[in-house]
Amino acid sequence: MPSGEEKAVDRLGLLYEMSLAFASRTELSELVPLVMTKSREVLDAAGASVLLLDSEREELYFPFVADEDPDTAARLAAHRMPADQGIAGDVVRTGESLRIADARSDPRFYRDADRATGFTTGPMIAAPLTSRAGTIGVLSAVRASGAPGFSDEDLKVLVAMAAGVAVAIENARLYESLREREQGLREEVGTLRRDAARRDGFRDMVGSADTMREVFALMESAAASPIAVLIEGETGTGKELVARGIHQASGRARAPFVAVNCAALTESLLESELFGHRRGAFTGADQDRKGLFEAAEGGTIFLDEIGEMPVSMQPKLLRVLQESEVVRVGSTEPRRVDVRVISATNRDLEEEVAAGRMRADLYYRLAAFPIALPPLSDRREDIPYFVNHFLSAAATRHGRTVNGIESDALQALIDGDWPGNVRQLQNEIERAVALAREGDVIGTRHFSRRLVSAGAAPPTAKAAAESSQDLRVARAEFEARHIQAVLVAHEGNVSRSAESLGLSRSMLQKKMKEYGLR
């Protein structure tokens, strides 16, 4: 049988281990149940409780209740007692620990707790939970009425435990406060990002047409959510720009944005690129290599031309979307990934599903939030903005000065047929700047033969004769449209617009007033 000294040593060791265990719990929901369990074990108690002080309401309450009867637990969890009443209230008020042989015979005993639980309290010990902020609660242990009382040694153990528990509770509260502040800051940053995206029109994107305002609104909503986005549109409409804009306006903006063209790789290469491979998985795999999903950890992966993905690859992608896990080629070990997926296509994926070229379950996973990009032909009013933007960028790249664009050249671009959409328009401007000399004004002579030859043919004599519109009215309308387009191209700069139109500044201002263009 161990001696009293050996018991004391054992208890000291146990207290040390409990202090470490308490300190490692950073959430009250984990800490308090552990404290109650250990208190019962060490002190051979029928019950133990942690009561915390609500200083604003001057009440004591149970932050956690363990009881086999759910009704009893619910009553006790809702139970609060005045902080100036009961034995626990006296401990809070005095800051002194107490050992009581029979709590029910003590005039300070608060009987409502026994009524809530049906327990008959006998011997009791209680110690204050004291932190740097003062007394924050009470740790107590009880035995049933008629059971042997607690010893002075038991009280010393409880006091020692209370010191470690108070520090652990203070740390848990601090951790919770920091976590709430972090969450608040994340939400604030997310709001600021969305506001910035709204204000800048998603910085790298150009457009004021109604169709694009709708796209911007959808992008803003997508950025605020982790939902899978499918961007639909013809080739050259700027699908990757939309994906990047959503990523930059989201909470993942500081993490990687990884783009992959599913149509540019063979099936075997695509699997290795997306999911990675182990050394020896195939010829040339001389070392382990992580895939693009792992490279995009915490960020966004953009799967362009998703409609081109081979059917045999689609179940593997579906697994990643469902399980948030990738398995490298040549491995059986799944790896967790936290990646947002944005995909894009120029195909009608519903038709692809009907034709059996795309799995329906994969399509519904990818297309949870579709965004349709309009072709350039549906947003011709944006062409002057694109032209100005591309001219400036191309002139910088080529290291030369370009003094705007002639009105008939701009009109040719507005009227042009753009099967390649914005990308084709950008290439046309790039070519024009490459052909231009220093200080040139871009004209139709700088355009490709395809664009010039595709210009509208002059009206036939019969069509002109059938027109009932007065020539002066037609000319005025034409002139007003041209002036407006040139002003837009020069961002409203009257001097540069006048030079481009071959007019004096005062004459242009007169015409602007005449046509209501101010």
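The values are calculated or read from the model by the stated rules, or taken from the named source; none is laboratory data. Note that the coordinates shown come from a computational prediction; the quantities given were computed from them, not determined experimentally. Cβ: placed from backbone, ideal geometry, glycine included. Neighbour counts: every protein chain shown.
Starting from region 248-276, take each residue that is within 14 Å of residue 314 (Cα to Cα) and list its partners that are of a type in the set (S, T, N, Q), counting only C-beta distances under 8 angstrom and pairs at least six apart or across chains.
267/312
If I ask for residues that are part of a loop (DSSP other than H, G, I, E, B) and crowded, with 19+ Cβ neighbours inside 10 Å, which ones from region 407-426 would you list?
Answer for region 407-426, where residues must be part of a loop (DSSP other than H, G, I, E, B) and crowded, with 19+ Cβ neighbours inside 10 Å: 416, 418.
Out of 134, 95, 89, I need the residue that is under 23 Å from residue 46 (Cβ atoms), of a type in the set (Gly, Ala, Ser) and either out of contact with any Cys (no Cβ under 9 Å at 6 or more places or on another chain) or touching a residue at least 60 places away in the same chain (Cβ under 8 Å) (or both). Which one?
89
Which of the residues belonging to region 245-261 are under 28 Å from residue 383 (Cα atoms) and either at pLDDT below 90 or surrounded by fewer than 20 Cβ atoms within 10 Å (Cβ to Cβ) (or both)?
Of everything in region 245-261, those that are under 28 Å from residue 383 (Cα atoms) and either at pLDDT below 90 or surrounded by fewer than 20 Cβ atoms within 10 Å (Cβ to Cβ) (or both) turn out to be 248, 249, 259, 261.
When you go through 381, 333 one by one, which is the residue that is under 25 Å from residue 232 (Cβ atoms) and at pLDDT below 90?
When all the criteria are applied, what remains is 381.
If a residue has to be more than 17 Å from residue 94 (Cβ to Cβ) and within 46 Å of the chain's Cα centre (by Cα) to count, how many in region 118-132 make the cut?
Going through region 118-132 one residue at a time, the tally reaches 1.
In region 358-372, what count of residues is obtained for those that are under 24 Å from residue 220 (Cβ atoms), surrounded by 19 or more Cβ atoms within 10 Å (Cβ to Cβ) and touching a helix residue (DSSP H, G or I) at 6+ places or on another chain (Cβ under 6 Å)?
1
When residue 401 is evaluated against the numbered criteria (1) touching a strand residue (DSSP E or B) at 6+ places or on another chain (Cβ under 9 Å); (2) in a loop (DSSP other than H, G, I, E, B); (3) hydroxyl-bearing (Ser, Thr, Tyr), which criterion, by number, is the only one it fails?
Against the list (1) touching a strand residue (DSSP E or B) at 6+ places or on another chain (Cβ under 9 Å); (2) in a loop (DSSP other than H, G, I, E, B); (3) hydroxyl-bearing (Ser, Thr, Tyr), residue 401 comes up short only on (1).
Could you grab me the full set of residues in region 106-120 that are of a type in the set (Phe, Trp, Tyr) and in contact with a strand residue (DSSP E or B) (Cβ under 6 Å, 6 or more places away or on another chain)?
Residue satisfying the conditions is 110 alone.
In region 371-393, which residue that is among the aliphatic types (A, V, I, L, M) and in a helix (DSSP H, G or I) is nearest to residue 343 (Cα to Cα)?
376
Criterion first (of a type in the set (A, V, I, L, M, F, W, C), in contact with a Gly (Cβ under 6 Å, 6 or more places away or on another chain) and modelled with pLDDT of 90 or more) does residue 422 satisfy it?
yes
Which residue, of 178, 218, is part of a helix (DSSP H, G or I) and at pLDDT below 85?
178
Somewhere in region 225-237, is a residue of a type in the set (Val, Ile, Thr), assigned by TED's automatic domain parsing to the domain that holds residue 295, surrounded by 20 or more Cβ atoms within 10 Å (Cβ to Cβ) and assigned to a helix (DSSP H, G or I)?
No: region 225-237 contains no residue that is of a type in the set (Val, Ile, Thr), assigned by TED's automatic domain parsing to the domain that holds residue 295, surrounded by 20 or more Cβ atoms within 10 Å (Cβ to Cβ) and assigned to a helix (DSSP H, G or I).
Where residues in region 262-292 are modelled with pLDDT of 85 or more and assigned to a helix (DSSP H, G or I), which of them is surrounded by the fewest Cβ atoms within 10 Å (Cβ to Cβ)?
269
Please state which one of 494, 433, 488, 441 is modelled with pLDDT of 80 or more, buried (at least 19 other Cβ atoms within 10 Å of the Cβ), assigned by TED's automatic domain parsing to the domain that holds residue 388 and among the hydrophobic types (A, V, I, L, M, F, W, C).
Unique residue meeting the criteria: 433.
With respect to residue 476, determine if the residue is out of contact with any Ser or Thr (no Cβ under 8 Å at 6 or more places or on another chain), surrounded by fewer than 13 Cβ atoms within 10 Å (Cβ to Cβ) and modelled with pLDDT under 75.
No; evaluated as a whole, the condition is false for this residue.
Pick from region 198-215 the residues that are of a type in the set (A, V, I, L, M) and not in a loop (DSSP other than H, G, I, E, B): which of them is modelled with the lowest pLDDT?
Within region 198-215, the match that is modelled with the lowest pLDDT is 212.
Say whether the condition of being under 28 Å from residue 210 (Cβ atoms), at pLDDT 95 or above and either of a type in the set (Val, Ile, Thr) or more than 28 Å from the chain's Cα centre (by Cα) (or both) is met by at least one residue in region 361-373.
There is at least one residue in region 361-373 that is under 28 Å from residue 210 (Cβ atoms), at pLDDT 95 or above and either of a type in the set (Val, Ile, Thr) or more than 28 Å from the chain's Cα centre (by Cα) (or both).
Output yes when any residue across region 141-148 is modelled with pLDDT of 90 or more, surrounded by fewer than 20 Cβ atoms within 10 Å (Cβ to Cβ), touching a Gly at 6+ places or on another chain (Cβ under 6 Å) and farther than 16 Å from residue 46 by Cα, and no when none is.
No, the conditions are met nowhere in region 141-148.
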